[in-house]
Amino acid sequence: MAKKTRRIAHAFWETRDTGLVILSENWACTTALPPLLLGPLNLAFSKLERLSPVDCGRYCRYYRHKNCWVFTILSSRYPQLLDRKVRVFLGGDFNHWGDAIGKPEWELKPISDDAETSYELRVPLKQIPTDGKFAFKFVTDRGDWLDVPDSAPNRVTKAGVANFIFNPQQTGSHIFRFHTSKDYEPVGNEKIVWRDDQVEEIHELPHTQFLTAAQTDQALGALVEGGSTTFRLFAPRASAVKVEYGRTADASDAVIQALGTEDGRTWELRVPENLDGYFYSYRIDGTNAEGTTHFDASFAVLDPYAKACLGCRGPGIIVAPERMPKVAQPFTPPAWHDLVILEGHVRDLAAHAPIDLSAEERMGYTGLRKWLRAEGSYLKEIGVNAVELQPIQEFDNPTREDYHWGYMTVNYFSPESSYALAPERASQIEELRALVQDFHQEDIAVILDVVYNHVGEPNHLLFIDKFYYFHLDGANDLLNWSGCGNDLRCNTPMGRRLIIDSLKHLVETYDVDGFRFDLAELIGIEVLREIEVELKKIKPSLILIAEPWSFRGHIQKELQETGFASWNDGYRDCIAKYVCGEGSQDIVRHFMAASPGTTRFAAQTINYTESHDDHCWLDRITERPENDGRDPTLLDRRRTHLMASMLFASLGVPMLSAGQDFLRSKHGISNTYQRGDINALDYNRRFVYSGTHGYFREWIRFRRSALGKALRVDGGLPEGYLKFFFAEGSSGAVVCFNADGSADAPQLVYAINPHLEYADIACPELRPKALKQIADQERFCLEGLGSARIPLSETNIHLPPLSCGLWLVG
């Protein structure tokens, strides 16, 4: 059977009411106007006109004029041409590409003296073969090839390189401009339809700013109100949407009904029945064209607005609003400068808790609740006032038993179902609410780690609209700056709304106190600003933290002018080097002073030396082979104490990872995202390394006390607040806090020597003899150390090897 030749080769919007249709070469010579309509509603155009050869050249970059070919570009498209200092040449298959540089016969010339003008080259017909198609491009005299825009109808990409295609059979008669009626508002789901008595051919208009601007203000999800339930889904390019709902999770009793749409974007069905507790999913159909969509009517799509779901594949669970009332008396978290954060994983914290728990309870919320409330609870014992829980939004672990860090989210509203005792009844809602409430009763704020830069598998949003929800490359494949397979398009109206609506839900329903945004660089500054504005309307004291990087870039400096704090990876890396004797005086100056230059106020830096990612602290610095710190050396332990003193003395917000205080090891393994056996905390190490555990606790208690107020700067850092003294030729340091007396707090002096030799540091203005030592590298005593104090003279502090100290002034 002969292959059918498509009539329409390409089409795209120019403005909100005009666009271009390019016909294939076999249909280019017809004198009549083509039978084109605007889908999906098959509307007639108000006007359809054939482009002139000159207008055609504007898009294809060439056209025929009498006995020559005219190649043309606009200088406004290429800013490097505006100063007239750069010459431009035509290179292609017909003249050996770069060999054309410098040859007058291939040079384009400006046609006027204006800065923004056209550059043209007229080439006699005989100089370019007419027996085939050829690739061409424009190149400067400096050897820079000018880019080929996506909108060029004759653009082709091969081996990652884009070129224009010259086709002598197409002379301009194949391009048409359409005009829509004045009252038509494009939404991005439009199609060009060729319809005659022989064929109907549909060509999707490319995903443009009209599609990515599409939105709805209507409430979305499965909405129960009184005796009715409304299903509503935003799917801007779907041709059909059905909902499947029933009392059983396996859909054995499912009812299937079609949703309707009035605006072509939002689909809706009202069922005159209260379906609270029912399971549901969507089936979405549409035209798959050009790789920008991924419709599959056989795939059960989990509603992105489902308030609970049963696993990563769904189904969603319909939840009546009575089960999700807004919190009546929200908790007020500590001020940012007073925070001490513990990062932890729900299952890691509960798995080996030394209390009586069932196997099911150890897997989630209830086990963690009981451990939190138990006598001798680690979470209370350590003394922090905030926990940062790794992701608890529904993620893509295949079964309930499978362990996962949670950074592959599939639904942003539902608490993770595998952490619940009865997920089929959506008990995760009540269990998470109770867990957060219990933390609040212990005066501990709850920060959630959230992942809005990519999604997990299955990728339900992909089946709703691939281009609308995800960044694509030139071949319409998913971009992957996250390193997780896709990058969420956060800046579309409904992408932003999905993020903000789900965050509001977590704050209003669960009384969450803050969020840490994974790979926030991919979310973007503008969206982060909008998140801040909208969430602080609900909870002004909300804690907002960004992981300010991705594989694409780093935005810590850009975040200075926002209300976000940032994870400080520089602190993590440099402090590890410093306590091993490989650092510098600059490390002390910079990181103990809240990383000036990257922060606007002191609490804008989250200082940490270990998180869930990469090697844990001990494995990073251990002397043991293969980074395995399970059996730490005395030097490993001493360096850990030096690090702890520095972490809690540094201005900014200190964060430690659960178990770091009792020398947790990950057995030398860097990435343990699916290793629950290794990540689960071994609380017995608290007893084995009780001195280290106690040392962390005492530093935390001091930092949070009135005596430690000088370490908690509220706002920007006054000039003169810190004063540094160093040993010559050494990174050993003495730091005075509140040196200028600007804070209503006791002055403090901190000193550290990470080297194997003594550091004699002159600091006469501190009058060392008058200082009261309250801590060293092993001990902490607010009444003052009674023996083995660090030697002081009238002018100097004499620091022994691998030591630190803390003194009260006066």
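The values are calculated or read from the model by the stated rules, or taken from the named source; none is laboratory data. Since the structure is predicted, the reported quantities are computational estimates derived from the model, not experimental observations. Note that we place each Cβ from the backbone using ideal geometry, even for glycine, and neighbour counts take in every protein chain shown. Ligands, DNA and RNA are stripped out before the accessible areas are found, and what is left, the full protein with its side chains, is counted by its heavy atoms. Shrake-Rupley method; radii C 1.70, N 1.55, O 1.52, S 1.80 Å.
Does the stretch 427-434 include one or more residues that are within 24 Å of L349 (Cα to Cα), touching a strand residue (DSSP E or B) at 6+ places or on another chain (Cβ under 8 Å), touching a residue at least 24 places away in the same chain (Cβ under 8 Å) and surrounded by fewer than 23 Cβ atoms within 10 Å (Cβ to Cβ)?
For the stretch 427-434, residues within 24 Å of L349 (Cα to Cα), touching a strand residue (DSSP E or B) at 6+ places or on another chain (Cβ under 8 Å), touching a residue at least 24 places away in the same chain (Cβ under 8 Å) and surrounded by fewer than 23 Cβ atoms within 10 Å (Cβ to Cβ): present.
Hey, which of the strands (runs of 3 or more DSSP E) in the stretch 72-145, taking only ones fully inside, have at least 1 residues that are aromatic (F, W, Y)?
88-92, 118-124, 134-140
Regarding L342, is this residue crowded, with 17+ Cβ neighbours inside 10 Å and part of a helix (DSSP H, G or I)?
Spelling it out, it is not the case that L342 is crowded, with 17+ Cβ neighbours inside 10 Å and part of a helix (DSSP H, G or I).
In the stretch 698-723, which residues are surrounded by fewer than 18 Cβ atoms within 10 Å (Cβ to Cβ) and out of contact with any helix residue (DSSP H, G or I) (no Cβ under 9 Å at 6 or more places or on another chain)?
If the condition is that a residue be surrounded by fewer than 18 Cβ atoms within 10 Å (Cβ to Cβ) and out of contact with any helix residue (DSSP H, G or I) (no Cβ under 9 Å at 6 or more places or on another chain), then R701, S705, A706, L707, P718, E719, G720 are the ones that fit.
So which residues in the stretch 602-621 are farther than 18 Å from I341 by Cα and open to solvent by 20 Å² or more (accessible area, probe 1.4 Å), if there are any at all?
D614, H615, R620
I'd like the full set of residues that are of a type in the set (K, R), closer than 24 Å to V139 by Cα, modelled with pLDDT of 90 or more and surrounded by fewer than 18 Cβ atoms within 10 Å (Cβ to Cβ), limited to the stretch 39-97.
Answer for the stretch 39-97, where residues must be of a type in the set (K, R), closer than 24 Å to V139 by Cα, modelled with pLDDT of 90 or more and surrounded by fewer than 18 Cβ atoms within 10 Å (Cβ to Cβ): just R87.
What pairs come up if the first residue lies in the stretch 592-618 and is part of a loop (DSSP other than H, G, I, E, B), the second is charged (D, E, K, R) and open to solvent by 10 Å² or more (accessible area, probe 1.4 Å), and their beta carbons are under 7 Å apart, counting only those six or more places apart or on different chains?
Going by the 7 Å Cβ cut-off, the qualifying pairs are T598/K557; R600/E561; T609/R572; C616/R664.
Looking at the stretch 679-697 only, could you name the residues that are among the aliphatic types (A, V, I, L, M) and crowded, with 17+ Cβ neighbours inside 10 Å?
Those that are among the aliphatic types (A, V, I, L, M) and crowded, with 17+ Cβ neighbours inside 10 Å: A680, L681.
Pairs please, first residue from the stretch 321-342 and among the acidic types (D, E), second anywhere and buried (at least 19 other Cβ atoms within 10 Å of the Cβ) and part of a loop (DSSP other than H, G, I, E, B), Cβ atoms under 8 Å, 6+ apart in sequence or on different chains.
Matching pairs, first to second residue: D338/R712.
Could you look through the stretch 740-767, keep only residues that are in contact with a helix residue (DSSP H, G or I) (Cβ under 9 Å, 6 or more places away or on another chain) and part of a loop (DSSP other than H, G, I, E, B), and pick out the one that is most open to solvent (accessible area, probe 1.4 Å)?
In this case the residue turns out to be D744.
Here are R373, R362, R347: which of them is over 25 Å from L535 (Cβ atoms), surrounded by 21 or more Cβ atoms within 10 Å (Cβ to Cβ), of a type outside the set (V, I, T) and modelled with pLDDT of 95 or more?
Selected residue: R347, the only one of R373, R362, R347 that is over 25 Å from L535 (Cβ atoms), surrounded by 21 or more Cβ atoms within 10 Å (Cβ to Cβ), of a type outside the set (V, I, T) and modelled with pLDDT of 95 or more.
Output the residues belonging to the stretch 571-591 that are open to solvent by 40 Å² or more (accessible area, probe 1.4 Å), touching a residue at least 60 places away in the same chain (Cβ under 8 Å) and not charged (D, E, K, R).
Across the stretch 571-591, the qualifying residues are S584, Q585.
Among the residues of the stretch 710-731, is any in contact with a Cys (Cβ under 6 Å, 6 or more places away or on another chain) and farther than 19 Å from V340 by Cα?
Yes.
Report, by residue number, each residue of the stretch 769-791 that is hydrophobic (A, V, I, L, M, F, W, C) and within 14 Å of N753 (Cβ to Cβ).
Passing the criteria: only I790.
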